[in-house]
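Just below is one structure, and these are the notes that go with it.
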Amino acid sequence: VAIAQDTCITFKQATTLLDMLTDPTNPFRENQFKQTRAYFISMCYHKLVESHRVRELMDLLDPESRVQCEKFLGKPSFQFTRNNATGFYSLNLEQPASREIAQRLMEIRNEQIGRVQQLDQYYSTRRGKREEVQRVWRNARYKGEELPYTPSWSLPREGLLEVDFVVVKKPTGGTVMGTWDFEDLMDAYQEGSMEEEALIRHLRKVSDEVLFLVEQVIRVLSVLKKPRLRTEMVVIAWARTLDWHRLRHVYEYMFPNEIQMLRERIGWVNLFDETFAVGFYELNLRDVEQRWVAQELVHLSCEEPGENMRECTFNNADFEVPYFWTEMVPKEGLLTMCYCRSEEVIRRVRMQGAWNHTDSPMVKQHGRYLPESSWGSFSPKWLKNHSRDLHESPDDTWLREGEIPREPG
């Protein structure tokens, strides 16, 4: 049983072929067919057009064949979902299922090219030099050696490939996980009938079919205890949250070590949202991504009116950012600051995506405005106390009262 490398198969085709792999009149042949059916489903697993129905396909196997199928697939197969590929992968390329996942990741990476080019082109027009950063194919290693992605790279047939994969295209709409389904899931976990690991696996599977809301993500974080799994929840939600601008508030519910893990996996640059720039920053300029964020904040402070960079320090000394930093920030040193915006700036950013233009990739994708649902309406209590109907706290009231939102990017 084999399916060509570049071929996909529908659920109906798969079930039709599966029905042919049986012979109930001949016990000997039927026993042989069990392993054949298990192998066939493992071949279909990452090639199914309706990717959200893979579990349904596996349910067609008898228990013995299902166990065999899961062995053929291996652990990585249950961490990968076609519609939500963001995650960490450790793939033995000698194994057919792992190699298939690697091929799917490369395909999805190519699907991100338009979005990556939009982002790169936009930020190339800003003040100061922007160095190249890996947005999609991150922290990749092959046989233990660093592996920056290049279009000419061909997938080997052996060796261990490890990569943090990030989807940078933003959702443009879709079905949100239903309130009843979500509450039933949370009840099952809190009643003890589901372990933390099982909850995360289930949410990963669900994310292939539906989107989340920021409030749901925060609810899950409130019940999880293990830092690794709390971080994994945010990784799962990264590209599958309808009101994704408000993910800024999710980070406020994470601990510093979890924020650090998130920065490493998703990246400082990916986490940075210029429409939600207000907050406290601590940036090590030796790191290319943190340097990128610093350069963008310098640019924004030049474009937006008012005193934006407040309580700045450089290498633990009080500091006023010099004008020549608009050309290039230093490549070493520790920079801290609180970035502030006036109410007027916040309102205009909310209306058009930026203070002085309407081309921000945070509000446009492929030349079209992202839906209003991307802004959502969730606000934590501290923000409601300061901003009334604004998405960020104006001026420095949050700073003076010690309510400092710490940016993960």
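The values are calculated or read from the model by the stated rules, or taken from the named source; none is laboratory data. Remember, it's a predicted structure, so these values are computed and weren't measured experimentally. Ideal geometry is used to build each Cβ from the backbone, glycine not excepted, and the neighbour counts take in all protein chains shown. Just the protein is used for accessible areas: all its heavy atoms, side chains included, with ligands, DNA and RNA removed. Shrake-Rupley method; radii C 1.70, N 1.55, O 1.52, S 1.80 Å.
Over region 334-376, average the accessible area per residue using a 1.4 Å probe and give it in Å², no decimals. The partial results should precede the final answer.
On the way: 1890 Å² over 43 residues.
About 44 Å² of surface per residue is accessible.
Phi angles across region 277-287 convert, under the Karplus curve 6.51 cos²θ - 1.76 cosθ + 1.60 with θ = phi - 60°, into 3J(HN,Hα) values of 7, 4, x, 9, 10, 10, 10, 8, 6, 6, 8 Hz, Gly and Pro given as x.
Could you work out how much longer the chain between Glu145 and Leu60 gets when fully extended? Use 0.36 nm per residue separation minus the Cα distance between them, nm to one decimal.
On the way: separation 85, 0.36 × 85 = 30.60 nm, distance 4.11 nm.
This chain segment gains 26.5 nm when fully extended.
Note on the chain: with a GNM built from Cα contacts shorter than 10 Å, the maximum mean-square fluctuation among Gly267, Gly178, Gly192 falls on Gly192. Surface composition of region 1-107: carbon and sulfur make up 53 percent of the accessible area, probe 1.4 Å. Amide H to amide H distances under 5 Å link Leu211 with Thr175, Val176, Met177, where only residues 5 or more positions off or on other chains count and H is placed in the peptide plane.
Please report the net charge: other residues with Cβ closer than 15 Å to the Cβ of Arg127, K and R +1, D and E -1. Write down the numbers at each step before the final one.
Values: positive: Arg126, Lys129, Arg130, Arg291; negative: Glu131, Glu274, Glu296, Glu303, Glu304, Glu327.
Cβ neighbours under 15 Å give a net charge of -2.
Summing Lys and Arg as +1 and Asp and Glu as -1 over all other residues whose Cβ lies under 9 Å from the Cβ of Glu327 gives a net charge of +2. For Ala140, nonlocal amide neighbours, meaning residues 5 or more places apart or on other chains whose placed amide H falls under 5 Å from its own, are Leu147, Asp164.
Under a 5 Å amide H cut-off, with hydrogens placed 1.01 Å from N, Lys364 pairs with Leu370 among residues at least 5 apart or on other chains. Summing +1 for each Lys or Arg and -1 for each Asp or Glu, what net charge is found among the other residues whose Cβ lies under 13 Å from the Cβ of Lys75? Computed value for this residue: +1.
Could you sort 231-238, 115-122 so that the peptide with the highest average Cβ count within 10 Å comes first and the rest follow in order?
Numbers: 231-238: 23.8, 115-122: 15.2.
Taking the mean over residues of other Cβ atoms within 10 Å, the ranking is 231-238, 115-122.
Which shape class applies to the chain: rounded if a/c is under 1.5, otherwise prolate when a/b exceeds b/c and oblate if not, where a ≥ b ≥ c are the square roots of the Cα gyration tensor eigenvalues? Judged from the Cα gyration tensor, the chain comes out prolate (a/c at least 1.5, a/b above b/c). Gap in Å between the Cα centre of region 82-131 and the Cα centre of region 63-81? Cα centroid of region 63-81 versus Cα centroid of region 82-131: 25 Å apart.
Kindly flag which residue pairs out of Lys129/Lys384; Lys129/Lys169; Lys226/Lys381 have an alpha-carbon separation exceeding 29 Å in this structure. Over 29 Å Cα-Cα: Lys129/Lys384. Each peptide in 371-382, 26-37 receives the mean, over its residues, of other Cβ atoms within 10 Å, and ordering these scores from highest gives 371-382, 26-37. The GluC sites (Glu not before Pro) of region 69-167 that DSSP puts in a loop, and whose beta carbon has at most 13 other beta carbons within 10 Å, are Glu94, Glu131, Glu132, Glu158.
Of the trypsin sites (Lys or Arg not before Pro) found in region 219-265, those in coil by DSSP whose Cβ has at most 16 other Cβ atoms within 10 Å are Lys225. Phi angles of region 309-321 translate, via the Karplus equation with coefficients 6.51, -1.76, 1.60 and θ = phi - 60°, into HN-Hα couplings of 8, 10, 6, 6, 9, 10, 6, 6, 10, 3, 7, 10, 4 Hz per residue; Gly and Pro are given as x.
Computed from backbone phi with θ = phi - 60° and the Karplus coefficients 6.51, -1.76 and 1.60, the 3J(HN,Hα) list for region 364-371 is 10, 9, 6, x, 10, 5, 6, x Hz; x is used for glycine and proline. Cross-link partners of Lys170 among lysines, defined as those whose alpha carbon lies under 17 angstrom from its own and excluding same-chain residues fewer than eight positions apart: Lys364. Straight Cα distances below 23 angstrom link Lys12 to the lysines Lys34, Lys47, Lys205, with same-chain residues fewer than 8 positions distant left out.
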